[in-house]
Amino acid sequence: MSSKEIVAPDALNASLVLDVLTGKVPATSVVFSEPDREETARRIAEQDANAQSKEELLGKNAISGKNFVNKPFELRSVEWQRGEDQYAEGGVGFYAVLHGADQKGSTVTITCGASTVMRKAAVLAQKGWLPAWVKITQGKPNDAGFFPLGLEDATEFAPFGN
C-alpha cells in the first residue's frame with residue numbers, strides 16, 4: 001500500500017492492526033468514520049442478552065493495562081476501539097480491549113494502547129491462539145519517562161492448565 005492511500009475501515013481487525021503496528025500502513029492514513037450510535041446500542045443490547053453470568057451481564061468497569069500489571073488472566077478475545085486522542089504522543093489512533101477471566105474465573109476487561117501489547121494480542125487473535133493465559137508486564141522507564149508495557153505468557157498461572 002502506498003503511504004498516500006487512505007484506509008477507511010468499517011471496523012478494525014487484527015490484520016489491519018498488525019499492518020499499522022508493523023509499519024505496512026501508516027497510522028495517519030487510517031481514517032475512522034463516526035461511530036453508528038444505533039449499531040453501538042444494538043451491539044451492547046446483544047451482549048447483555050447473551051451474557052453467560054450475572055457478572056458478565058453487570059460487568060465491571062474496564063481496567064487500564066497499566067493498572068493490571070503482573071496479574072495473570074486468560075485472554076479470550078480482543079476488540080479494537082478508536083482512540084479519543086488519535087496519534088497523541090506517537091499513538092496509532094486506536095487501542096485494544098482485552099476480554100478475559102482472572103484465575104478465579106471472574107470476567108476482566110482491560111484496555112491498553114501499548115503497541116507491544118496490541119501487536120501480540122492481534123497475533124494471538126489472528127492465528128487462532130486464543131484463549132491464552134497471559135499477563136501484562138511493565139519495563140523500566142524509557143528516556144521520556146514512560147513505562148513500556150508488554151504481554152507475556154502466563155500459562156503457569158492457569159488454574160486448570162491451558
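The values are calculated or read from the model by the stated rules, or taken from the named source; none is laboratory data. Values in this document were obtained by computation on a predicted structure and should not be read as measured data. Cβ atoms come from the backbone with ideal geometry, glycine included; neighbour counts cover every protein chain shown.
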Cβ contacts < 7 Å: first residue basic (K, R), restricted to the stretch 13-31; second residue surrounded by fewer than 19 Cβ atoms within 10 Å (Cβ to Cβ), any location; separation 6+ or different chain. Result? K24/M1
What number of residues in the stretch 110-123 are touching a Gly at 6+ places or on another chain (Cβ under 7 Å) and either among the basic types (K, R) or assigned to a strand (DSSP E or B) (or both)? 3
Are any residues in the stretch 124-155 out of contact with any Phe, Trp or Tyr (no Cβ under 8 Å at 6 or more places or on another chain) and either part of a loop (DSSP other than H, G, I, E, B) or exposed (fewer than 10 other Cβ atoms within 10 Å of the Cβ) (or both), and if so, which ones? K127, G128, W129, L130, P131, N142, D143, A144, G145, F146, F147, P148
Apart from one, (1) under 8 Å from the mean Cα position of the chain (by Cα); (2) at pLDDT below 90; (3) not acidic (D, E) all hold for K104; the odd one out is (1)
